[in-house]
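Report on the structure given below.
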Amino acid sequence: MADEPLVLGIETSCDETGVGIVRGTTLLADAIASSVDEHARFGGVVPEVASRAHLEAMVPTIDRALKEAGVSARDLDGIAVTAGPGLAGALLVGVSAAKAYAYALGKPLYGVNHLASHICVDQLEHGALPEPTMALLVSGGHSSLLLSSDITSDVRPMGATIDDAAGEAFDKIARVLNLGFPGGPVIDRYAKEGDPSAIAFPRGLTGPRDPAYDFSFSGLKTAVARWIEAKRAAGEEVPVRDVAASFQEAVVDVLTRKAVRACRDEGVDHLMIGGGVAANTRLRALAQERCEAAGIRLRVPRPKLCTDNGAMVAALGAEMVARNRPASSWDLSADSSLPVTEPHVPGHDHVHEVSNGNLYS
Amino acid sequence: MLLLALDTATPAVTVALHDGTDVIASSSQVDARRHGELLLPAVDRVLAEAGLTIDAVTGVVVGIGPGPYTGLRVGLMTADTFGLALGVPVHGVCTLDGLAYAADIEKGPFVVATDARRKEVYWAKYADSRTRLTDPAVDRPADIAGQVAGLPAVGAGALLYPDTFPVAHEPENVSAAALARLAVERLAAGRELPAPRPLYLRRPDAQVPKNYKVVTPK
Ligand SMILES: [Zn+2]
């Protein structure tokens with residue numbers, strides 16, 4: 001345990017400044033500063049507001065994480081950072097911090113993929129990831145179905161949204177219902193008191209000739225908005241709870257149906273769900289039900305580890321160290337569209353190699 | 001004493017080391033789109049050139065702008081984090097002051113102007129290379145023509161708008177060497193340097209989404 005890699009991870013791909021510290025698969029600290037309140041009045045994340053907040057929050061958040069973990073920066077075996085995908089300006093703040101931190105401490109730097117980190121974080125909750133693992137990642141920024149046989153080197157996209165992310169649809173419907181931002185938690189709350197079968201909203205891309213693992217939430221979003229407007233136009237009251245429940249059911253029905261089908265088709269007996277929408281109680285319940293019926297083991301981290309955080313980046317960084325993956329170079333760039341097939345951004349040469357004294361071996 | 005100075009508030013990615021007597025190594029590269037990639041390797045190169053390692057640094061000096069935000073933040077975040085990791089103080093210096101210092105003008109007044117994009121300049125007026133007369137501001141060149149009329153000007157912003165700045169000359173971008181020398185001078189004189197916080201001068205662009213689009217055909 002003591003010789004497992006001690007890694008600090010930095011995450012700034014969206015509006016959360018996250019700094020996490022792990023030792024191998026053990027979570028030691030998960031410090032977060034969020035600028036979500038500053039975005040609320042805009043109804044969505046404003047990139048420049050997020051970038052400014054990251055710059056101000058970074059040093060205090062690193063400090064807090066070190067205190068929480070009770071470790072000294074000198075003892076770290078590596079620094080990991082989200083290199084992409086995400087908001088370009090926001091990513092750049094985290095990458096700049098991670099590079100300076102790693103360089104000043106003489107530690108190796110690992111630029112890692114945000115999506116792979118969302119999967120790897122489950123190691124902190126449920127232990128080593130089964131190989132292969134099917135992962136359903138759903139948040140305001142992503143809706144993907146991924147298959148990984150080795151989280152440090154092999155992540156294969158099975159399907160993804162062809163339009164809006166699932167979380168984005170929650171935000172939009174919450175706005176139409178005047179429930180505020182972000183929409184996920186509030187829809188979940190109202191839906192608990194509503195009837196999920198009250199209104200038959202469409203299930204996108206579920207026809208026999210549609211791509212089996214891709215998602216589409218744009219049509220659903222429009223259908224729900226139309227339904228609400230028709231009610232309002234007729235002077236009738238909008239049954240907010242039933243709308244929330246029926247909309248949510250349409251989203252989670254498609255997500256779980258496709259995820260379970262992908263597991264079956266690929267002969268994978270583990271499904272992990274991550275991303276902010278994984279905090280949705282109905283998604284968790286329905287996934288559990290359908291996985292049980294199909295003989296699949298479901299792994300969903302606690303909600304705080306599902307949303308963007310630094311611990312997930314540290315978790316993947318620790319895995320990079322443990323599996324001896326090459327460190328990144330000092331000219332590592334923030335790549336807003338880093339492909340999911342690249343779990344990390346290895347250095348292109350070895351001239352920047354730092355002393356191996358601190359490396360996990 | 002070993003000060004590490006850096007600035008990313010103009011298209012230049014510039015780094016210098018000052019040992020208390022003079023600048024002992026420096027690097028400047030002009031590439032407005034790659035501040036993030038270029039800065040750390042430049043720090044590494046400058047230290048290697050001086051035969052030193054980062055542990056020897058006793059203080060960090062960083063240009064606080066004004067400058068285009070994305071690039072500006074690279075330098076500030078790097079300086080902040082060096083300060084944290086090394087346990088050394090981080091000092092800010094107004095980037096325009098660095099340019100004024102490098103211009104080496106004993107008797108002004110003169111103007112420093114950098115490119116703020118969107119057809120605007122960041123600018124300030126100076127009595128001489130060490131004395132700023134106005135707060136840094138961001139304006140359209142035509143709107144400040146009256147205030148800068150007849151004054152010589154330095155910086156890329158001045159060179160870019162000859163109608164407003166007919167007497168414009170080098171330096172175009174700031175150098176960390178000038179920033180370091182200025183900081184050393186001011187610290188030696190017991191003057192306090194500004195905190196390493198960014199001078200954005202503009203509020204963030206934030207489009208408030210309009211009320212949701214009505215999708216029902218009327
Ligand atoms: Zn995410």
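The values are calculated or read from the model by the stated rules, or taken from the named source; none is laboratory data. Everything numeric in this text was worked out from a predicted model, so none of it was measured. Don't worry about glycine lacking a Cβ; one is built from the backbone with ideal geometry, like all the others, and counts go over all protein chains shown. Quick note on the areas: whole protein, heavy atoms, side chains included, nothing else; ligands and nucleic acids left out. Shrake-Rupley method; radii C 1.70, N 1.55, O 1.52, S 1.80 Å.
Residues that are free of Cβ contacts under 8 Å to residues at least 40 places away in the same chain and within 16 Å of the ligand (Cβ to nearest atom) occur in segment A:34-42; there is at least one.
Residue-level check: of (1) open to solvent by less than 20 Å² (accessible area, probe 1.4 Å); (2) within 14 Å of the ligand (Cβ to nearest atom), A:Ile21 misses just (2).
Within segment A:132-143, restricting attention to residues that are within 16 Å of the ligand (Cβ to nearest atom) and of a type in the set (A, V, I, L, M, F, W, C), the residue that is surrounded by the fewest Cβ atoms within 10 Å (Cβ to Cβ) is A:Leu137. Across segment A:240-288, the qualifying residues are those that are within 16 Å of the ligand (Cβ to nearest atom) and among the hydrophobic types (A, V, I, L, M, F, W, C), and the one among them that is nearest to the other protein chains (Cβ to nearest Cβ) is A:Val277. When we screen B:Ala32, B:Ala42 for residues that are within 12 Å of another protein chain (Cβ to nearest Cβ), closer than 16 Å to B:Ser175 by Cβ, within 17 Å of the chain's Cα centre (by Cα) and free of Cβ contacts under 8 Å to residues at least 40 places away in the same chain, the only hit is B:Ala42. With respect to A:Gly70, determine if the residue is on the phi > 0 side of the Ramachandran plot and either facing chain B (nearest Cβ under 7 Å) or touching a His at 6+ places or on another chain (Cβ under 6 Å) (or both). No, not satisfied.
Going through (1) in a loop (DSSP other than H, G, I, E, B); (2) among the hydrophobic types (A, V, I, L, M, F, W, C); (3) open to solvent by 30 Å² or more (accessible area, probe 1.4 Å) one by one, B:Ala127 falls short only on (1).
In segment A:63-79, of all residues being within 19 Å of A:Ala104 (Cα to Cα), among the small types (Gly, Ala, Ser) and not in a helix (DSSP H, G or I), the one that is least open to solvent (accessible area, probe 1.4 Å) corresponds to A:Gly78.
A quick yes/no check of all residues on (1) among the hydroxyl-bearing types (Ser, Thr, Tyr); (2) away from the ligand (no atom under 16 Å from the Cβ); (3) surrounded by fewer than 24 Cβ atoms within 10 Å (Cβ to Cβ):
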site: A:Val81; (1), (2), (3): no, no, no
site: A:Gly86; (1), (2), (3): no, no, no
site: A:Gly94; (1), (2), (3): no, no, no
site: A:Ala97; (1), (2), (3): no, yes, no
site: A:Tyr101; (1), (2), (3): yes, yes, no
site: A:His118; (1), (2), (3): no, no, no
site: A:Pro130; (1), (2), (3): no, yes, yes
site: A:Leu145; (1), (2), (3): no, no, no
site: A:Asp154; (1), (2), (3): no, yes, yes
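Cβ-Cβ contacts under 6 Å between residues 6 or more apart (or on different chains), taken from a first residue in segment B:96-119 that is over 13 Å from B:Pro171 (Cβ atoms) to a second residue that is hydroxyl-bearing (Ser, Thr, Tyr), are listed as B:Gly108/B:Tyr126; B:Ala116/B:Tyr122. In segment A:200-217, of all residues being out of contact with any strand residue (DSSP E or B) (no Cβ under 8 Å at 6 or more places or on another chain) and surrounded by 16 or more Cβ atoms within 10 Å (Cβ to Cβ), the one that is nearest to A:Gly141 (Cα to Cα) corresponds to A:Arg203. In the set (1) without any contact (Cβ under 8 Å) to a residue 40 or more places away in the chain; (2) within 16 Å of the ligand (Cβ to nearest atom), A:Leu298 fails one condition alone, (2). Of the residues making up segment A:55-62, not a single one is more than 30 Å from A:Leu271 (Cβ to Cβ), part of a loop (DSSP other than H, G, I, E, B), away from the ligand (no atom under 16 Å from the Cβ) and within 14 Å of another protein chain (Cβ to nearest Cβ). Whether a residue is out of contact with any Leu (no Cβ under 7 Å at 6 or more places or on another chain), open to solvent by 10 Å² or more (accessible area, probe 1.4 Å) and more than 14 Å from the ligand (Cβ to nearest atom) was assessed, and A:Leu105 does not pass this test.
When we screen B:Val138, B:Val167, B:Val148 for residues that are closer than 24 Å to B:Pro198 by Cα and hydrophobic (A, V, I, L, M, F, W, C), the only hit is B:Val138. Taking first residues from segment A:129-140 that are within 14 Å of chain B (Cβ to nearest Cβ) and free of Cβ contacts under 8 Å to residues at least 12 places away in the same chain and partners that are assigned to a loop (DSSP other than H, G, I, E, B) and away from the ligand (no atom under 13 Å from the Cβ), no Cβ contact under 6 Å between residues at least 6 apart in sequence or on separate chains turns up. Here the strands (runs of 3 or more DSSP E) wholly within segment B:1-84 that include at least 3 residues being open to solvent by less than 10 Å² (accessible area, probe 1.4 Å) and of a type in the set (A, V, I, L, M, F, W, C) are B:3-7, B:12-18, B:59-63. Being surrounded by fewer than 24 Cβ atoms within 10 Å (Cβ to Cβ) and not small (Gly, Ala, Ser) is the filter; apply it to segment A:333-344 and report the residue that is nearest to the ligand (Cβ to nearest atom). Looking at the filtered set, the residue picked out is A:Val340.
The numbered conditions (1) more than 10 Å from every other protein chain (Cβ to nearest Cβ); (2) within 16 Å of the ligand (Cβ to nearest atom); (3) crowded, with 24+ Cβ neighbours inside 10 Å are all true for A:Tyr110 except (2).
Reported count of residues in segment A:54-64, each being over 13 Å from B:Leu76 (Cβ atoms) and within 20 Å of the chain's Cα centre (by Cα), is 1. A:Phe217 is checked against (1) among the aromatic types (Phe, Trp, Tyr); (2) under 21 Å from the mean Cα position of the chain (by Cα); (3) over 16 Å from A:Thr161 (Cβ atoms) and fails just one. What number does that condition carry? Of (1) among the aromatic types (Phe, Trp, Tyr); (2) under 21 Å from the mean Cα position of the chain (by Cα); (3) over 16 Å from A:Thr161 (Cβ atoms), only one is false for A:Phe217: (3).
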